[in-house]
Amino acid sequence: MGDRVVQLEPGWRKALAAEFEQPYMQELRHYLLEQKTAGKTVYPPGPLIFNALNSATLDRVKVVIIGQDPYHGPGQAHGLSFSVPPGVRPPPSLQNIFKEIQRDLGLPIPSHGCLQSWANQGVMLLNAVLTVEHGQAGSHARRGWERFTSAVIDVLNARCEHLVFMLWGSYAQKKGQQIDSSRHLVLTSVHPSPLSAHKGFIGNGHFSAANDYLLAHGREPIDWQLPPLD
């Protein structure tokens, strides 16, 4: 995460400038460089670490979906929570997200799992931890990313109006506990993982609720239907 690798959209760079100067971020940068020097494979690739912020710029964010850390398999992570690049089979949690969208909005199950079109509409797909070592889930937890992404949420909470936060599972709910629910819509349910999806995720109605809220506040709703890949 050296300056050569960090590619952050100017609005977010300005909003988070103070965070990049904090010792914890310097330590995180050093840790990631150490990992690279040691020959470790880290996901996602450097230019995609901040994909969630670069895609959903501060002036365009409408919805925030909080995940935990990136997928740790080859070719899976591309900087958007729950999403996988074209050509990668949608993981089980994402398949359950699609099932709920189908139930909630009547949209067909997509043929792929790339959520970039959501991000481009202002859906911030933010993992709490932005990097991971190959094959080691949670390996970069407690290295500083959580503090950084909490700062991202604080900026959104304070500077934006009428956002929709989708907090799925206890981890995301704890991460978003400081969100001002008088200014934003906070939607909570269990996580879409196979272990819990049928205990309240399927049937939560979050996607229609988000669009109803956006429309009620004069904002364009999200088109949750993923476009076919070229």
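Computed quantities for the displayed model
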| quantity | calculated |
| --- | --- |
| Trypsin sites (Lys or Arg not before Pro) lying in DSSP loop within region 1-93, provided at most 10 other Cβ fall within 10 Å | 4 |
| Carbon + sulfur, % of accessible area of the chain - ligands and nucleic acids excluded, 1.4 Å | 52 |
| Candidates 70, 192, 110: whichever shows maximal mean-square fluctuation once the chain is modelled as a Gaussian network with Cα springs under 10 Å | 110 |
| Rough spin-label spacing in nm, given labels placed 7 Å along Cα→Cβ, for residue 26 and residue 60 | 3.4 |
| Accessible area per residue, Å², the chain with all protein chains present, probe 1.4 Å | 46 |
| DSSP loop GluC sites (Glu not before Pro) with at most 11 other Cβ within 10 Å: longest gap in the chain | 22-160 |
| Relative contact order (%) - criterion: Cα under 8 Å, at least six apart; region: region 10-217 | 24 |
| Restraint check, 62/99; 62/174; 40/99; 36/175; 14/40, Cα-Cα greater than 24 Å | 40/99; 36/175; 14/40 |
| DSSP bridge orientation in the chain - percent antiparallel, rounded to nearest 5 | 20 |
| In order through region 26-43: 3J(HN,Hα) via Karplus (6.51 cos²θ - 1.76 cosθ + 1.60), integer Hz, x for Gly, Pro | 5, 5, 5, 4, 5, 4, 5, 5, 4, 4, 5, 4, 7, x, 6, 8, 10, 10 |
| Calculated FRET value between residue 217 and residue 177, using beta carbons and R₀ = 25 Å, to 0.05 | 0.65 |
| Overall dimensions of region 59-168 as given by Cα atoms, namely Rg and Dmax in Å | 14.4, 41 |
| Globularity ratio of region 10-217, using Cα Rg and 2.2 N^0.38 Å | 0.99 |
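The values are calculated or read from the model by the stated rules, or taken from the named source; none is laboratory data. Fair warning: this is a prediction, and the values are worked out from it, not measured in the lab. Heads up, the Cβs are rebuilt from the backbone with ideal geometry, glycines too, and the neighbour counts pull from every protein chain shown. Protein only, heavy atoms only, side chains kept; ligands, DNA and RNA dropped before computing areas. Shrake-Rupley method; radii C 1.70, N 1.55, O 1.52, S 1.80 Å.
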